[in-house]
1. Which percent of the Cα-Cα distances in the range 3-78 go past 18 Å?
2. Amide H to amide H, which residues 5 or more places from Ala34 or on other chains are under 5 Å from it, using H placed in the peptide plane?
3. Using Cα-Cα distances under 8 Å and only pairs 6 or more residues apart, what relative contact order does the range 3-78 have, in percent?
Amino acid sequence: MDERQAVGLFSALSQETRLAIIRMLVVAGPQGMAAGAVAEAAGVSPSNVSFHLKELERAGLVSAQRESRSIIYCAAYEQLSALIRFLMEDCCQGRPEICAQGKIFARECCAATPAESV
């Protein structure tokens, strides 16, 4: 990922509703959420959430898949991981204790059960 790509992703995330949506979709996991459920959980109108989901999809942070009459949105974990890697790739600058903090977080996060991570 280069700086231009990272700026585009941060731009898409720099709005409160979109950031909340991404966090919801990350928690929802690979099965994702229907657009209507996202709107309800975010407390915004369906048209408003549709606008935000399209922005996130355009940035490559979510993917959409039609299931019957619903559109299911999922977090694009690969793109989100690439953004985190971009932020952390030069993190330690010879100070491994800095990178160790990120590794501790990853172990704690990934070891949590779904009920514990809510």
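The numbers here are math on the coordinates, done by the rules we state, and not lab data. On a predicted model such as this, the values are computed, not experimentally measured, just so you know.
1. 31
2. Tyr73
3. That works out to 35 percent.
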